[in-house]
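So that we are looking at the same thing, I have put the structure below in structure tokens.
The values are calculated or read from the model by the stated rules, or taken from the named source; none is laboratory data. Treat the numbers as computed from the prediction; the structure is a model and nothing was measured. No Cβ is skipped: glycine too gets one built from the backbone with ideal geometry, and neighbour counts run over all protein chains shown.
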Amino acid sequence: MFVCYFCEKEIQGITVVVDERHLAHISCDKKNKVEKAKTKWDNLGFLDGLKGHVRPEVAALYESCKTTKLVENLETGELEGVCIDD
């Protein structure tokens, strides 16, 4: 029997590998990633003024765009304020 790393319930069906020792339900892993992204971007002040369901959605948008922005700026040679490490 395998147990989800996040919710600690028995895993049945499709799972995702969290790391070399842990498995999780796909939905639990997604919730965890969204929460981490929301916390990170909120701490940086990028979500100030946003409310409700918009906050995690905008955080996910920022998270998906950060590597794209880095690539675009590498082409122009400008890197200031672009790369935000986890």
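With the structure loaded, tell me whether E35 is assigned to a loop (DSSP other than H, G, I, E, B) and at pLDDT 85 or above or whether it fails that test.
No; evaluated as a whole, the condition is false for this residue.
Turning to a different aspect of this structure: Within the range 30-41, how many residues are more than 26 Å from I14 (Cα to Cα) and crowded, with 16+ Cβ neighbours inside 10 Å?
Counting residues in the range 30-41 that are more than 26 Å from I14 (Cα to Cα) and crowded, with 16+ Cβ neighbours inside 10 Å gives 2.
Here is a follow-up. Could you tell me which residue of the range 39-86 is modelled with the lowest pLDDT, considering only residues that are under 23 Å from D29 (Cα atoms) and basic (K, R)?
K66
Give all pairs with beta carbons closer than 6 Å in which a residue from the range 1-18 that is over 17 Å from K31 (Cα atoms) meets a residue that is in a loop (DSSP other than H, G, I, E, B); count only pairs at least 6 apart in sequence or on separate chains.
Going by the 6 Å Cβ cut-off, the qualifying pairs are F2/I11; E10/M1.
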